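A.B. asks: Shown below is the structure under consideration.
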Amino acid sequence: DDKTTEWSVDDWWFHVSAQDCEAQGEYDVYTRCGRTRPLWSGKPNFAPDPDSVPLGAIEVRIPLSMVGILPGDVFGLALRVLAWPSDTLGHWPAGAAIASPATWGEAVLLPAE
């Protein structure tokens with residue numbers, strides 16, 4: 001959570017749609033995609049076509065060890081969600097820009113009690 005305006009090697013991008021994609025140190029990289037990924041998962045995969053049933057939720061499981069986060073670490077997080085088929089784009093936190101880690105929210109994962 002270095003709050004820089006540029007992406008660095010410790011920033012990760014994950015994408016879930018018809019295929020799952022990831023990149024380290026850069027975003028919108030669609031050359032490392034597949035229906036399944038070896039280290040993480042995003043479900044369900046879906047094809048954006050007019051006959052698709054809208055999804056209410058997706059589930060993403062990313063091992064903390066993959067992204068270098070330990071329980072209790074504070075890290076930057078931003079979400080970009082495209083609501084299909086309306087093409088409505090939303091971000092969390094409001095005003096976040098995927099291109100600028102300085103605009104991301106802070107997150108911390110704690111063990112369940």
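A.B. asks: Answer yes if at least one residue in region 75-85 is of a type in the set (D, E, K, R) and under 16 Å from residue 14 (Cβ atoms), and no otherwise. Reasoning before the result, please.
C.D. replies: Narrowing region 75-85 to residues of a type in the set (D, E, K, R): 80.
When the remaining residues are screened for being under 16 Å from residue 14 (Cβ atoms), the result is 80.
Yes, region 75-85 has at least one match.
A.B. asks: Hey, another quick one. Quickly run through region 1-27 and pick out the residues that are assigned to a strand (DSSP E or B) and polar (S, T, N, Q). Break it down into steps so the answer makes sense when it comes.
C.D. replies: Initially, region 1-27 is screened for residues assigned to a strand (DSSP E or B), giving 12-16, 20-24.
Within region 1-27, just 24 meets the criteria.
A.B. asks: Right, something else. Are any residues in region 28-45 assigned to a loop (DSSP other than H, G, I, E, B) and surrounded by fewer than 16 Cβ atoms within 10 Å (Cβ to Cβ), and if so, which ones?
C.D. replies: Taking region 28-45 first, the residues assigned to a loop (DSSP other than H, G, I, E, B) are 28-32, 35-40, 44-45.
Scanning region 28-45 gives 28, 29, 30, 31, 32, 35, 36, 38, 39, 44, 45.
A.B. asks: Restricting to region 22-60, what's the tally of residues that are among the charged types (D, E, K, R) and either modelled with pLDDT under 75 or within 25 Å of residue 2 (Cβ to Cβ) (or both)?
C.D. replies: Taking region 22-60 as the starting set, the residues that turn out to be among the charged types (D, E, K, R) are 22, 26, 28, 32, 35, 37, 43, 49, 51, 59.
From what's left, either modelled with pLDDT under 75 or within 25 Å of residue 2 (Cβ to Cβ) (or both): 22, 26, 28, 32, 49, 51.
Final tally of qualifying residues: 6.
A.B. asks: Identify all residues within region 73-96 that are assigned to a strand (DSSP E or B) and under 18 Å from residue 16 (Cα atoms); write none if there are none.
C.D. replies: Pass one, region 73-96, residues assigned to a strand (DSSP E or B): 74-77, 79-83, 88-92.
Residues satisfying the conditions are 77, 79, 80, 81, 82, 83, 88, 89, 90, 91, 92.
A.B. asks: With the checklist (1) closer than 20 Å to residue 8 by Cβ; (2) touching a residue at least 24 places away in the same chain (Cβ under 8 Å); (3) outside any strand (DSSP E or B) in hand, flag the one item residue 70 doesn't pass.
C.D. replies: Exception for residue 70: condition (2).
A.B. asks: Could you look through region 97-113, keep only residues that are touching a residue at least 40 places away in the same chain (Cβ under 8 Å), surrounded by 12 or more Cβ atoms within 10 Å (Cβ to Cβ) and more than 19 Å from residue 22 (Cβ to Cβ), and pick out the one that is farthest from the chain's Cα centre (by Cα)?
C.D. replies: Only one residue fits best here, namely 102.
The values are calculated or read from the model by the stated rules, or taken from the named source; none is laboratory data. This is a predicted model, so every value here is computed, not measured. We place every Cβ from the backbone using ideal geometry, glycine too, and count neighbours over all the protein chains shown.
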